[in-house]
Amino acid sequence: MHKKLNKQQKKQSFLSSVPSVHEILDLHEIKKLISKVGQQVVSNVVRMTQEEYRHSLIEGNKKQFGKLEKSLFVDRVIEKALVESQRSIRPIINLSGTILHTNLGRALLPHQSIEAMVEVASQTSNLEYNIEEGSRDNRDKHIEEDLCHFTGAEAATVVNNNAAALMLILNSLARRKDVLISRGELIEIGGSFRLPDIMKSSGCKLKEVGTTNRTHIEDFVENIDSKTGLILKAYTSNYTISGFTSGVRESDLIKVSKNRNVPFVVDLGSGSLVKLSNSFLKIEPTPLKKIKMGADLITFSGDKLVGGPQCGIIVGRKELINKINKNAMKRAMRCDKLTIAALSEILKLYKNPDTVVENIPTLRQIFRPKKEIRILADRLLPLVQSNFNQRFVAEVVCCESQVGSGSLPNKTIPSVGISIRLKSKSLPKSGLLKKLSKAFRELPVPILGRVSGGSFVLDLRCLETEDIFIKQLEYFPSYWKK
Ligand SMILES: *Cc1c(COP(=O)(O)O)cnc(C)c1O
């Protein structure tokens, strides 16, 4: 009886020690917090924290009974408010070894593009306005001339992404008609990009030609009739069919398409505006090459090998681009001013071939010399190592990066990383590696590595913010050191 009463008293004392909203909002450190994250967030969090403590009481967590320290409460409020006010979309450090990762936002923009975006975002602009004439203008004027210059095309336009570009072309040129495509090219990209579905939504009928692994030029010739809208060549980007295959030569297809007056359209996916190569990597084919071969329209993504903002670039014959521009669908797919501003600056950077690799982050990361990455790895190794006890081995290792997003699917780029693994081979490690990769992901700026062959690897090819990486290591849980 006595004991029960005592407990009741303790509960009461605890409840009355939960600070009021007023009391908390008046504190100096909370005022500082409000200036950082706003009154709304802090008020909500204070109420949530009050609830949390009262709830813990009802749940009967004995440790909480007794007087509640106000400083403890305040710490909890600050911690929660900072989490609450965190942006939903925020930076992460990509050490996965995949340079263009769709889930991680693909290409990083050069500062020139970022500055142009900030300028048009914060000020009114001549997006669709002809300053000289004082009249309405076309937003494509900011990019069309340069796109034609780099691709050798007569005309160009842009829409929100390459999938949109393809839908727009199909709908503009082949609605209610057949689209001929080689059976082996029925690609599926990323899981959400299915060519057959895109065809259907665009109002076209897919006509597969040939068999999965063998398609001949005769297959196309036989299938062209008055219902044929266009011939589509899609670059298989996340897989290749190897072995006994026989693709139709593109030059032959182009000949047939010209003969029969059917447009030949290439979905290049990841086109590059320049031909670049070094000893281990060759970037091709370029839209320029395809235009020279005689393709009528080419589409490619702005945020893959171009290294620019998300957009779908369409280049090719003027007559066809005009048709596309007249389609009402184009209006629904047009790019915003930020994209136009960013792309326009990217195109300027391509005009100087000597500095283009250095200036465009995607190209810089693709061509970053292994030697440079190794020096970085050697420098960072001791800092990473110091977070782990004797049971772990952290070492500099060779690894392979890839471009990603379907660009150059079969090529890997020799790279250098830091690998962390268990010293003893006998211990079960898959669970531990999962835990380790989670610990890196839970840092204030998450670090993304990859688990590969019994170790956790941080591929340093894409690490260009060394200071932020080092800062994160300070937050690494001490558990791994014990
Ligand atoms: C990536 C890709 C697409 C889709 O491009 P998005 O810009 O992501 O819409 C379509 N076709 C091919 C061949 C691709 O590689």
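Every read-out reported here was derived from the displayed coordinates using simple, explicitly stated rules and does not represent laboratory data. Here the structure is a predicted model, which is why all the values come from computation and not from measurement. As a convention, Cβ positions derive from the backbone with ideal geometry for all residues, glycine included, and neighbour counts pool all protein chains shown.
Please order 457, 18 by the number of other Cβ within 10 Å, starting at the fewest. Walk me through the intermediate numbers first.
Values: 457 23, 18 17.
Fewest to most other Cβ atoms nearby, the residues stand as 18, 457.
What lysines does residue 205 reach when the alpha-carbon gap must be under 16 Å and sequence neighbours fewer than 8 apart in one chain are set aside?
177, 227, 233
I need the peptides 81-87, 433-439, 460-466 ranked by packing, meaning the mean over residues of other C-beta atoms within 10 angstrom, with the highest value on top.
Numbers: 81-87: 13.4, 433-439: 15.9, 460-466: 20.4.
So the order, starting with the most tightly packed, is 460-466, 433-439, 81-87.
Roughly how many debye, to the nearest 20, is the charge dipole of the chain about its Cα centre, given +1 on each Lys and Arg Cβ, -1 on each Asp and Glu Cβ, and no other charges?
2180 debye
Let me check I've understood the local charge: for residue 221, count other residues with C-beta under 11 angstrom from its C-beta, Lys and Arg +1, Asp and Glu -1. What total comes out? Present the calculation step by step, with values, prior to reporting the outcome.
Values: positive: 255, 260; negative: 218, 219, 222, 225, 252.
My count for the surroundings of residue 221 gives -3.
Ranked highest first by the average count of other Cβ atoms within 10 Å around their residues, in what order do 350-360, 96-106, 7-17 fall? Don't skip to the end; give the middle numbers.
Details: 350-360: 15.0, 96-106: 20.5, 7-17: 13.0.
Going by the mean number of other Cβ atoms within 10 Å, highest first, we get 96-106, 350-360, 7-17.
Can you list the aspartates and glutamates whose alpha carbon sits under 19 Å from that of residue 318, skipping same-chain ones fewer than 8 residues off?
In chain and number order, the partners are 137, 140, 144, 145, 146, 154, 267, 296.
Between rounded, prolate and oblate, where does the range 86-173 land on the alpha carbon gyration tensor, with a ≥ b ≥ c its root eigenvalues, rounded for a/c under 1.5, else prolate if a/b exceeds b/c? Please report the intermediate quantities before stating the final value.
Numbers: a/c = 2.13, a/b = 1.35, b/c = 1.57.
In terms of gyration-tensor shape, oblate.
With label points built 7 Å along Cα→Cβ from the Cα atoms of residue 205 and residue 474, find their separation and express it in nm.
It is 6.7 nm.
Using every Cα-Cα pair within the range 6-135, state what percent have a distance larger than 19 Å.
Numbers: 5670 of 8385 pairs.
So the pairs more than 19 Å apart make up 68 percent of the total in the range 6-135.
Measure nothing but the geometry: give the 0 to 90° angle between the long axis through the Cα atoms of 370-385 and the longest principal axis through the Cα atoms of the chain, rounded to 10°.
20 degrees
Rounded to whole Hz and in sequence order, give me ³J(HN,Hα) for the range 456-473 from the Karplus expression 6.51 cos²θ - 1.76 cosθ + 1.60, θ = phi - 60°, writing x for Gly and Pro.
Calculated HN-Hα couplings, in order: 9, 10, 9, 7, 8, 3, 9, 7, 10, 10, 4, 4, 5, 4, 4, 4, 5, 4 Hz.
Taking the mean number of other Cβ atoms within 10 Å as a proxy for protection, how do you rank 120-131, 35-46 from highest to lowest? Write out the running numbers ahead of the final one.
Values: 120-131: 12.2, 35-46: 16.3.
Going from most to least packed, we get 35-46, 120-131.
In nm, to one decimal, how far is the modelled label at residue 85 from the one at residue 275, with both set 7 Å along Cα→Cβ?
5.5 nm
Counting every Cα pair in the chain, what percent are over 30 Å apart? All intermediate terms of the calculation are to be shown ahead of the outcome.
Values: 69865 of 115921 pairs.
Across the chain, Cα pairs with separations above 30 Å total 60 percent.
Give me 232, 173, 276 ranked fewest to most by other Cβ atoms within 10 Å of their Cβ, as a rough exposure proxy. Intermediate results must be reported in sequence, preceding the final value.
Working: 232 25, 173 22, 276 18.
Lowest count first: 276, 173, 232.
Once amide H atoms are placed 1.01 Å from N in the peptide plane, what residues at a sequence separation of 5 or more from residue 452, or on another chain, have their amide H within under 5 Å of its amide H?
Placed amide hydrogens put 457 under 5 Å from residue 452.
For residue 55 and residue 425 in one chain, what is 0.36 nm times their gap in residues minus the Cα-Cα distance, to one decimal in nm?
128.6 nm
Give me the aspartates and glutamates in straight-line cross-link reach of residue 7: C-alpha distance below 14 Å, same-chain residues under 8 apart excluded.
Within reach: 59.
Pairs to check: 371/435; 141/289; 32/337. Give those whose C-alpha atoms are more than 28 Å from each other in this structure.
Working: 371/435 31 Å; 141/289 24 Å; 32/337 36 Å.
Those over the limit are 371/435; 32/337.
Modelled label-to-label distance, residue 141 and residue 29, 7 Å Cα→beta-carbon offset: nm?
5.8 nm
From the residues 48, 186, 288, which one has its Cα farthest along the dipole of the chain in the positive direction, the dipole being from +1 and -1 charges on Cβ of Lys/Arg and Asp/Glu about the Cα centre?
48
Multiply the residue separation of residue 481 and residue 258 by 0.36 nm, subtract the distance between their alpha-carbon atoms, and state the gained length in nm to one decimal.
Values: separation 223, 0.36 × 223 = 80.28 nm, distance 6.84 nm.
So the extension gain works out to 73.4 nm.
Where the centre of each part is set by its Cα atoms, how far does the range 343-383 sit from the range 429-458, in angstrom?
Answer, in whole Å: 25.
Grab the Cα-Cα distance for residue 217 and residue 21, subtract it from 0.36 nm times how many residues apart they are, and report the gain in nm with one decimal. Write down the numbers at each step before the final one.
Working: separation 196, 0.36 × 196 = 70.56 nm, distance 7.70 nm.
Gain in length upon complete extension: 62.9 nm.
Please label the shape of the range 249-387 as rounded, prolate or oblate, based on the square roots a ≥ b ≥ c of the eigenvalues of the alpha-carbon gyration tensor (a/c under 1.5 means rounded; beyond that, a/b larger than b/c means prolate, else oblate). Walk me through the intermediate numbers first.
Working: a/c = 2.93, a/b = 1.85, b/c = 1.58.
Taking the square roots of the gyration eigenvalues as a ≥ b ≥ c, the range 249-387 is prolate.
Against the longest alpha carbon principal axis of the chain, how many degrees, from 0 to 90 and to the nearest 10, is the axis of helix 28-37 turned?
The helix 28-37 is inclined about 10 degrees to the chain.
What net charge do the residues around residue 274 carry, taking every other residue with its C-beta under 11 Å from that of residue 274, with Lys and Arg at +1 and Asp and Glu at -1?
On the way: positive: 275, 351; negative: 284.
Counting the neighbours of residue 274, the net charge comes to +1.
Is the C-alpha gyration tensor of the range 312-423 telling us rounded, prolate or oblate? Criteria: a/c under 1.5 is rounded; beyond that, a/b larger than b/c is prolate, otherwise oblate. Intermediate values should be presented prior to the final figure.
Details: a/c = 3.16, a/b = 2.62, b/c = 1.20.
Cα axes put the range 312-423 in the prolate bin.
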